[in-house]
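Working notes, beginning with the structure itself.
The values are calculated or read from the model by the stated rules, or taken from the named source; none is laboratory data. Predicted model only: the values in this text are computed from it and were never measured. Cβ: placed from backbone, ideal geometry, glycine included. Neighbour counts: every protein chain shown. We work out accessible area using only protein heavy atoms, side chains counted, and drop any ligands, DNA or RNA first. Shrake-Rupley method; radii C 1.70, N 1.55, O 1.52, S 1.80 Å.
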Amino acid sequence: MTVVGDAAATRRLLDRFGFGARPGELDAAVGQGFSATLDALLAPAADPGPPPPALGVVTDRGKPGTPERKAAQQQRSTGQDALTRWWLDRMWSTGAPLVERLTWFWHGHFATSAQKVNQPAYLLAQNETLRRLGTGDFGSLAQAMVVDPAMLVWLDGRTNRVGSPNENLAREFMELFALGVGHYSETDVREAARALTGWTVDADAGTARLVPRRQDTGPKTILGRTAAFDAPSLVDLVVARPESAAFVAGRMWSRLVSTTPPSPAVLGALTDAYGPGRDLRALLRAIATSAPFHDSGTTLVKQPVEWAVGLMRAVGAQPGTVTTAPRGRRRAGDPVHQHLDALGQVPFRPPSVGGWPAGTAWLTPSAQLDRMALAQAVVAHATIPPGPAGPNAQIDWARRTLGVDAFGPRSTDALRDVAGGDPRAVLTVAALTPEYVISA
């Protein structure tokens, strides 16, 4: 293992626990040092961010194909686009990067999609819950998610009633959200589904409510325990399991450190920090101070949103100012949204309840072409001072702008092919190098 220096570790921290540095932030953080930067990330100041769009619950009126129904569909589409633009702007502008990065992480963990939840207001409410609870204790977050309106729609929890339990939410809660495969039985799923009965969504208010006549109040046997479990007591039972602590720590590790699982010794240290209070901030501190986090060989492929937002932050290009749409997609709509769609990752549209893939799944030839199109659009709207004239100076300017420690020989050769002309071309190519696409 080769330990990176304090400056490289600090840059890595801004990449992994945020969306990369804005102009001047990396130098300031390196000046403060790794420990002080970590303390600041874990204790952020209030960051209200840009105000969210005003979204009301959309009610379908009229029969399919009527002007009234088409108007409702248009209202949903407009609201969803506004919601996506708002969150990208918030990621770009945030002064509390860890809070926003964790909101993004939990969105992929408790993956809920507009493909089925056709109410932007529900998704906004869930997003704000993830932001509010995502750096506290996992138990409170899990409690909120099993009765979240968007989740109840997404995993059919609103149709779960006594005598006819729907197992979708119970299964995914154990498998994907809290325990992992192999730590529960099919009987546990059926009994947990009974515990989650009774919750539905008030379509007019957009809120979840418990309907007593739909609730199964009888005893259930789950994970070897028998009681009259309901939604809160089910969550308490599941998250108290040692397997849950290891699962949550492993999921966070895979998205913030490496897709290579931690060693048993490191995992033990992480779960000890997480503790009986299921303390997510303590877990994050343990992750950041672990030896693998400081190992130069520990790398992480940036997901498209992480890469794009980091690039926009680095060059000062606000998402809403980027106006160049992908080739062949000149229709009305937000260009950044369209570029991310081409890359396969749009906020509020995970492909399944399992969320988005990680690692090398994003490093395909077609993805590189789509990444180039977005990089060109972003750099064209950069607000940073123009780069220098000389080839070597341009390459070093691009490196410092993007917060790259050093370019390897192949990337340097690619950069030399465009250096000496427009410095923005050098910056565009630099954004496509492995040294930037992969957080080292």
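Once the range 235-377 is represented by equal point scatterers at the alpha-carbon sites, with solvent omitted, what log10 I(q)/I(0) does the Debye formula produce at q = 0.13, 0.14, 0.21 Å⁻¹? So the normalised log intensities work out to -0.72, -0.80, -1.21. With every protein chain in place and a 1.4 angstrom probe, the accessible-area ranking of 302, 220, 63, largest first, reads 63, 302, 220.
With springs only between Cα atoms under 10 Å apart, run a GNM on the chain and tell me which of 218, 359, 268 wobbles the most. Comparing 218, 359, 268 in the GNM, the peak value goes to 218.
For the range 91-101, the Karplus equation 6.51 cos²θ - 1.76 cosθ + 1.60, evaluated at θ = phi - 60°, returns couplings of 4, 5, 9, 4, x, 10, x, 5, 4, 6, 5 Hz by residue, with Gly and Pro reported as x.
Solvent exposure of the chain, expressed per residue, is 41 Å² of accessible area, with all protein chains present and a 1.4 angstrom probe.
What is the log10 of I(q)/I(0) for the range 7-138, computed with the Debye formula using one identical point scatterer on each Cα and no solvent, at q = 0.11, 0.14, 0.18 Å⁻¹? Here log10 of I(q) over I(0) equals -0.49, -0.70, -0.98. Of the residues 41, 289, 143, the one whose Cα sits farthest towards the positive end of the charge dipole of the chain is 143 (charges of +1 on Lys and Arg Cβ, -1 on Asp and Glu Cβ, taken about the Cα centre).
Taking other residues whose beta carbon is less than 14 angstrom from the beta carbon of residue 356, and scoring Lys, Arg as +1 and Asp, Glu as -1, yields +2. Counting only lysines at least 8 places from residue 63 when in the same chain, those with an alpha carbon closer than 25 Å to its own are 116. Computed extension gain for residue 361 through residue 296, at 0.36 nm per residue and net of the alpha carbon distance, reaches 21.2 nm.
Taking the protein heavy atoms of the range 181-322 in the context of the full set of protein chains, the accessible area attributed to carbon and sulfur is 54 percent at 1.4 Å. In whole percent, how big is the carbon plus sulfur part of the accessible area of the range 81-124, probe 1.4 Å, protein atoms only? Carbon and sulfur atoms account for 48 percent of the accessible area of the range 81-124. Per residue, the convex hull spanned by the Cα atoms of the range 295-418 amounts to 137 cubic angstrom.
The fraction of all Cα pairs in the range 65-130 landing in successive 5 Å bins from 0 to the largest distance is 3, 16, 23, 24, 15, 8, 5, 3, 1, 0, given as whole percents.
Just the number, please: carbon plus sulfur as a percent of the accessible area of the range 338-391, 1.4 Å probe, no ligands or DNA/RNA counted. Of the solvent-accessible surface of the range 338-391, carbon and sulfur hold 64 percent. Gain on full extension, evaluated as 0.36 nm per residue between residue 393 and residue 77 minus their Cα-Cα distance, stands at 109.2 nm. For residue 209 and residue 59, a Förster radius of 22 Å and the Cβ-Cβ distance give a FRET efficiency of 0.80, rounded to the nearest 0.05.
For the range 15-87, the Cα gyration tensor yields ellipsoid semi-axes of 45, 11, 9 Å (square root of five times each eigenvalue, largest first, whole Å). Per-residue ellipticity at 222 nm, computed for the chain from helices alone with -39500 (n - 2.57) per DSSP H run of at least four residues, works out to -15500 deg cm²/dmol.
Amide H contacts for residue 180 (H built 1.01 Å from N in the peptide plane; partners 5 or more residues away or on another chain; cut-off under 5 Å): 175.
So which residue, out of 79, 18, 310, gets the largest mean-square fluctuation from a GNM of the chain using Cα contacts under 10 Å as springs? Looking only at 79, 18, 310, the biggest GNM fluctuation is shown by 79. The modelled label-to-label distance between residue 132 and residue 39, using points 7 Å beyond Cα along the C-beta direction, is 3.0 nm. Using a probe of 1.4 Å on the protein chains alone, the accessible area found for residue 184 is around 40 Å².
Neighbours of residue 4 by Cβ distance under 15 Å: Lys/Arg scored +1, Asp/Glu scored -1, total -2. Taken one residue at a time, the phi angles of the range 388-405 give Karplus couplings (6.51, -1.76, 1.60, θ = phi - 60°) of x, 9, x, x, 4, 5, 5, 5, 5, 4, 5, 4, 5, 4, 8, x, 8, 5 Hz. Gly and Pro are set to x. Shape analysis of the range 374-440 yields a ratio of the Cα radius of gyration to the Kirkwood radius, Rg/Rh, of 0.92. Between the range 395-426 and the range 38-93, the C-alpha centres lie 37 angstrom from each other.
Whole-percent P(r), the range 133-259, all Cα pairs, 10 Å bins from 0: 13, 45, 31, 9, 1.
Annotation: peptides 397-405, 291-299, ranked by per-residue average of other Cβ atoms within 10 Å with the highest first, follow the order 397-405, 291-299. May I ask for log10 I(q)/I(0) of the range 179-244 at q = 0.21 Å⁻¹, from a Debye sum over the Cα atoms as equal point scatterers with solvent left out? Calculated log10 I(q)/I(0) at the listed q: -0.86.
Taking the convex hull of the alpha carbon positions in the chain and averaging its projected area over all directions gives 22.5 nm².
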